[in-house]
Amino acid sequence: MINYDDIWIPLQTGLENYVGKPVIQAETNGKQPPYPFISIKDTLTDDIGHPFILTNGENQTIKQDIEMVLSLTVHADKIEVSKDLCMKARAYFLGKGAIELSDAGIAIADVLPATNRNVFLTIDYERRYGFDVRLRIQGQETYGIDVIETVTIQEG
């Protein structure tokens, strides 16, 4: 119903253009970009409400509203850089991003507060600041169905 790239590409492209820093998927095997950068992790995808089913001839379409919770984390070597970039990324979803993403069929349901997410790495800290954003998308799937054209009823 939902193609992940239909969400990832406009989100990643729009945010990266807005903040001017790399935006990557979290927890992947790719090479880490230089500091600072933003990672995005999909933490929850869930259906909202009941599906809407429409039958048109030999096709049936099911539509379902879906909510995704994405966790964005800014990685940097200095806390002030991490926090500043985090606040700029958060502003994207509260302003320009809400418009750009709505053009791609993605609605911003909520932008949660930014929090400190520092982590100790062997002998030093990686400075992290981040927030979560709730998105809503309508998934749609159309498929063929068998149509019963005539029914014969026999007595007896």
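For residues that are free of Cβ contacts under 8 Å to residues at least 60 places away in the same chain and either acidic (Asp, Glu) or outside any helix (DSSP H, G or I) (or both), tally how many sit in the stretch 71-89.
Looking only at the stretch 71-89, we keep the residues that are free of Cβ contacts under 8 Å to residues at least 60 places away in the same chain, and these are 73-84, 86-87.
Now narrow it down to the ones that are either acidic (Asp, Glu) or outside any helix (DSSP H, G or I) (or both): 73-78, 80, 84.
Summing the residues that are free of Cβ contacts under 8 Å to residues at least 60 places away in the same chain and either acidic (Asp, Glu) or outside any helix (DSSP H, G or I) (or both) in the stretch 71-89 gives 8.
Residue 92 meets each of the listed conditions (1) within 15 Å of residue 38 (Cβ to Cβ); (2) of a type in the set (Phe, Trp, Tyr); (3) in a strand (DSSP E or B) apart from (3).
Being without any contact (Cβ under 8 Å) to a residue 40 or more places away in the chain, within 16 Å of residue 132 (Cβ to Cβ), in a loop (DSSP other than H, G, I, E, B) and among the acidic types (Asp, Glu) is a condition met by no residue of the stretch 34-53. Residue check: is residue 137 under 20 Å from residue 5 (Cβ atoms), surrounded by 19 or more Cβ atoms within 10 Å (Cβ to Cβ) and touching a Leu at 6+ places or on another chain (Cβ under 6 Å)? Against the criterion (under 20 Å from residue 5 (Cβ atoms), surrounded by 19 or more Cβ atoms within 10 Å (Cβ to Cβ) and touching a Leu at 6+ places or on another chain (Cβ under 6 Å)), residue 137 does not qualify. When each of 9, 79, 40, 24 is tested for being closer than 16 Å to residue 137 by Cα and either hydroxyl-bearing (Ser, Thr, Tyr) or surrounded by 12 or more Cβ atoms within 10 Å (Cβ to Cβ) (or both), the lone residue that passes is 9. Taking residue 32 as the residue in question, decide whether it is out of contact with any Ser or Thr (no Cβ under 8 Å at 6 or more places or on another chain), of a type in the set (S, T, N, Q) and buried (at least 16 other Cβ atoms within 10 Å of the Cβ). Taking the combined requirement at face value, the residue does not satisfy it. You will find that of 96, 63, 78, the residue that is among the charged types (D, E, K, R) and within 30 Å of residue 149 (Cβ to Cβ) is 63 and no other. In the stretch 33-49, what count of residues is obtained for those that are modelled with pLDDT of 90 or more and of a type outside the set (Ser, Thr, Tyr)? Of the residues in that region, 8 qualify.
Scanning the stretch 1-41 for residues that are of a type in the set (Asp, Glu) and within 21 Å of residue 100 (Cβ to Cβ) turns up 5, 6, 16.
The values are calculated or read from the model by the stated rules, or taken from the named source; none is laboratory data. Because the structure is a prediction, the values reported are computed rather than measured. Cβ coordinates were reconstructed from backbone atoms using ideal geometry, including for glycine residues, and neighbour counts include every protein chain displayed.
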